[in-house]
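Throughout, read-outs are computed from the coordinates displayed, never taken from laboratory work. Small disclaimer: the values here were computed from a predicted structure and weren't measured. Note that we place each Cβ from the backbone using ideal geometry, even for glycine, and neighbour counts take in every protein chain shown.
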2 protein chains.
Amino acid sequence: METTSDNIRAQMRKGVLEYCILSILNKQEAYASSILEELKKANMIVVEGTLYPLLIRQKNQGLLSYRWEESPQGPPRKYYVITDKGRSQLGEMDSAWQEMVDSIETLRK
Amino acid sequence: METTSDNIRAQMRKGVLEYCILSILNKQEAYASSILEELKKANMIVVEGTLYPLLIRQKNQGLLSYRWEESPQGPPRKYYVITDKGRSQLGEMDSAWQEMVDSIETLRK
DNA sequence: TTAGGTACTTTGTCTTGCAAGGTATTGAAA
DNA sequence: TTTCAATACCTTGCAAGACAAAGTACCTAA
């Protein structure tokens, strides 16, 4: 059963997902399934149908690149890597995020 | 001219707008134009075409009610007021927001 | 050779943010 | 008294994107 609280969290997650993806890839290259796991650990649950198109969009924007790598089991994995442009964008997102946190704190006080 | 940075901020704003509206109305009742002003002050710029439908949605969900009041100049104003249900939802949004801030901090570290 | 696990992709639907345009009220200027 | 400007609310049409669900493909082991 889905709670009201789940809806709220899903709603809030929108728009910051791109920031999360770049943050994850900034630490270490990763493939989609591992990104999903990491997001889950951080309580930012996303499904495949959301993540794959998002990765493709960021790749098309030049924020990410990727390379194929054999898997120890199963089909090959598409490892995504953040680019210089991606790192630059991540820096701007840091500012944008911090500003938004401050804005909300202002509204909330 | 719109900068990349503006796009990022617009993108991040999505999904937290409902939270902002309830936060504003939790402090004091207000009409659409005054809400727009307050959002602008907090650097969360939104346009009419976004705000009006959002207020109507929240009203239909029972989070807000409203009353008409004469304006000192111009047409009457529709003052929105947060309801008990709205305050309850706002409480949940506080938790959701704080969790998201923590999650992002975790991802970022 | 088929079953199960892993991984990537696509399709269709629904929500929602926004630009642009529209309606209505009021008071002051021409 | 008509017109204009300011204020305020609302609607329409489009585009982006989140997601459920279904599809494709690869690999290994029984």
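Over the range A:11-80, what is the relative contact order in percent, taking alpha-carbon pairs closer than 8 angstrom and at least six residues apart?
Once normalised by length, the contact order is 29 percent.
For the range B:1-42, restrict the atom set to alpha-carbon positions and state the Rg and Dmax in Å.
Gyration radius and largest Cα-Cα distance of the range B:1-42: 12.0, 35 Å.
So for the pair B:Lys109, B:Asp94, with labels modelled 7 Å out along Cα→Cβ, what separation do we get in nm?
With each label placed 7 Å out from Cα toward Cβ, I get 2.4 nm.
Counting only residues 5 or more places away or on other chains, whose amide H sits under 5 Å from the amide H of B:Ala30 once H atoms are built in the peptide plane?
Amide H to amide H, under 5 Å and 5 or more residues apart or across chains, B:Ala30 pairs with B:Tyr80.
Could you tell me how many degrees, from 0 to 90 and to the nearest 10, lie between the Cα long axis of helix B:48-60 and the main elongation axis, the longest principal axis, of the Cα atoms of chain B?
Taking the Cα atoms of chain B, the angle to B:48-60 is about 80 degrees.
Report, to the nearest 10°, how far helix A:17-27 tilts away from the longest principal axis of the Cα atoms in chain A, using its own Cα long axis and a range of 0 to 90°.
50
With axes computed from alpha carbons, what is the tilt in degrees of helix A:84-108 against the longest principal axis of chain A, rounded to the nearest 10 within 0 to 90?
Relative to chain A, helix A:84-108 is tipped by roughly 20 degrees.
Return the loop-located trypsin sites (Lys or Arg not before Pro) in the range A:1-82 (DSSP other than H, G, I, E, B) with at most 16 other Cβ atoms within 10 Å of their own Cβ; answer none if there are none.
A:Lys14
Using a 7 Å offset from Cα along the direction of the beta-carbon, what are the separations from B:Gly74 to the same position in each other copy, nm, ascending?
Once sorted, the set of distances for B:Gly74 reads 5.7 nm.
What fraction, in whole percent, of alpha-carbon pairs in the range B:4-108 exceed 18 Å separation?
53
Residues with amide H under 5 Å of A:Thr83's amide H, sequence separation 5 or more or different chain, H placed in the peptide plane at 1.01 Å from N; which?
Result for A:Thr83 returns A:Leu64, A:Ser65.
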